[in-house]
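Inspection log for the structure reproduced underneath, given as structure tokens.
The values are calculated or read from the model by the stated rules, or taken from the named source; none is laboratory data. All of these numbers come straight from a predicted model, not from anything done at the bench. Quick reminder, even Gly has a Cβ in these numbers, built from the backbone with ideal geometry, and neighbours come from all protein chains shown.
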Amino acid sequence: MMSKKKFLSTLIFAALFKFLFYRQGLGINLLIAEFTLIIYLFATRQIVLKGFLNISIFLLLITSLLFTLMVHSKFVFVMHFVVLFSFVGTLIFSQSKSVLTTLALAVSNVFSAQFNLVQAFGQTKIRGSKVGHILWRLKIYLIPILIISIFLLIYRNSNPAFDQIYAKIKKFIGQLFGNLVEFIEIHGLITFVTCLLISAFFILRAEQEDIIKEDQNASDELIRKRKTKVKTNKNYSLKNEYKAAVFLFVSLNIILLFLNYLDIQYVWFGFSWEGQFLKDFVHQGTYLLVFSIVIAVGLVLYFFRNNLNFFSKNKLLKILSYIWLAQNALLIFSVAQRNHLYIKHYALAYGRIGVYIFLILALFGLFTVYLKIQKKKSNFFLLRINALSALFVLTFSAFFNWDVIIAKYNFKQANKSFLHLEFLAKLSDKALPYLDYSIEELTQMEHVQHTMFSFKRNYSTPYEFKMHITEKKYHL
């Protein structure tokens with residue numbers, strides 16, 4: 001049962017949120033709302049800053065909140081709300097071992113907190129009686145109201161005079177309630193109800209025992225499963241699995257070695273750009289990388305899932321696995337080189353930045369798989385470490401004003417790489433100061449572009465770009 005203080009706090013914060021966000025943008029209001037909430041949680045001792053995960057998520061929350069005001073991009077808002085969700089998970093269960101647990105608890109709380117809100121509302125007393133009991137007693141009037149409605153329908157159809165009077169009364173009541181609804185302002189009421197649900201999500205939190213128990217039982221260490229029965233057959237099966245794994249990793253390493261050799265020869269040192277598009281050149285390498293890493297991780301997780309980790313003669317398999325992971329890491333650097341060439345000739349774009357972020361996560365993921373083999377770690381260890389690293393990398397990458405970076409870089413490299421004016425014109429208003437070039441400067445850039453790219457004439461003209469930027473400045 002929820003305490004009266006928590007329910008009252010929920011109503012107060014709902015009113016505060018409604019005041020801050022009704023017909024208002026996020027901006028400074030989000031900062032005020034969340035800092036007020038954090039102060040309340042500290043004052044009521046609901047925040048527990050113990051353990052690396054709790055402290056990390058709290059610091060990410062504060063930092064990302066500040067950057068929503070500084071950067072104010074969609075990306076930073078998305079990442080901040082992901083961190084905020086994870087923070088609520090730590091409030092529900094402060095001993096959580098994984099970001100995935102905190103997120104799972106928060107998602108579950110989206111629904112269960114509303115049940116607590118209804119329960120708390122039902123326990124509220126009006127003149128000594130609980131609201132829930134009052135509503136329950138009112139159910140006795142449902143059948144009489146239904147019967148009255150049926151007789152009203154009969155009398156209306158049987159007597160035209162009665163029907164006219166009924167229509168006038170209905171019209172009067174409709175106008176009365178219409179004015180009342182207009183006075184209350186339905187949009188404000190909807191906003192308050194929404195804020196009440198959000199407030200309940202933060203304050204009337206509910207635990208999900210299954211998720212908590214699963215987190216408590218999880219361990220980073222891989223435990224050997226001993227089976228005394230049919231020991232000879234079990235050892236024989238383990239040896240066969242070991243032989244199959246060795247054969248597989250030898251074959252895969254040979255194939256990937258050949259592929260990496262070709263990349264080094266043609267991508268690292270033998271690449272020659274002759275004005276061709278490089279989109280497929282990068283995308284094919286990225287798709288191959290994703291597929292290869294999924295296979296690499298999947299195979300390692302399969303063969304090192306149980307007792308093969310503890311097999312006394314598994315040294316060769318470990319070495320082959322390390323080589324396999326190292327070759328996949330080399331594949332990551334090859335894709336990074338492809339992306340570098342793409343940016344060199346076609347400048348910056350969101351997707352090209354995203355490729356680098358993905359490559360960082362992929363490289364770290366391979367390193368954690370290496371640690372799993374070497375230290376005999378569990379799959380839970382992999383998920384826990386990689387989920388936290390993804391949260392860190394994605395959140396910190398959201399702190400950069402990418403629109404400004406893209407605009408500055410692309411115009412600076414206009415005499416060396418492709419200047420895509422249509423794309424630049426769609427950047428956010430924060431990049432406007434770095435897009436506002438004179439028509440003479442744009443024309444000069446266009447002339448240089450035509451000497452490098454034969455297809456450039458099919459894109460926006462400097463005049464069209466200038467008109468678009470001028471219009472955006474006018475609507476600021």
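Points worth noting:
- Helices (runs of 4 or more DSSP H) wholly inside segment 380-476 containing at least 2 residues that are over 31 Å from the mean Cα position of the chain (by Cα) and of a type outside the set (D, E, K, R): 439-452, 462-474
- Some residue of segment 258-266 being more than 30 Å from I353 (Cβ to Cβ) and at pLDDT 75 or above: yes
- The listed residue being among the hydroxyl-bearing types (S, T, Y) and modelled with pLDDT of 75 or more, out of S129, S108, S149: S108
- Condition met for S237 (exposed (fewer than 14 other Cβ atoms within 10 Å of the Cβ), at pLDDT 75 or above and either over 24 Å from L382 (Cβ atoms) or touching a Gly at 6+ places or on another chain (Cβ under 8 Å) (or both)): no
- Single residue of segment 24-34 satisfying the filter (assigned to a helix (DSSP H, G or I) and in contact (Cβ under 8 Å) with a residue 12 or more places away in the chain) that is nearest to I92 (Cα to Cα): E34
- Verdict on L20 being assigned to a helix (DSSP H, G or I), under 30 Å from L427 (Cβ atoms) and in contact with a His (Cβ under 7 Å, 6 or more places away or on another chain): no
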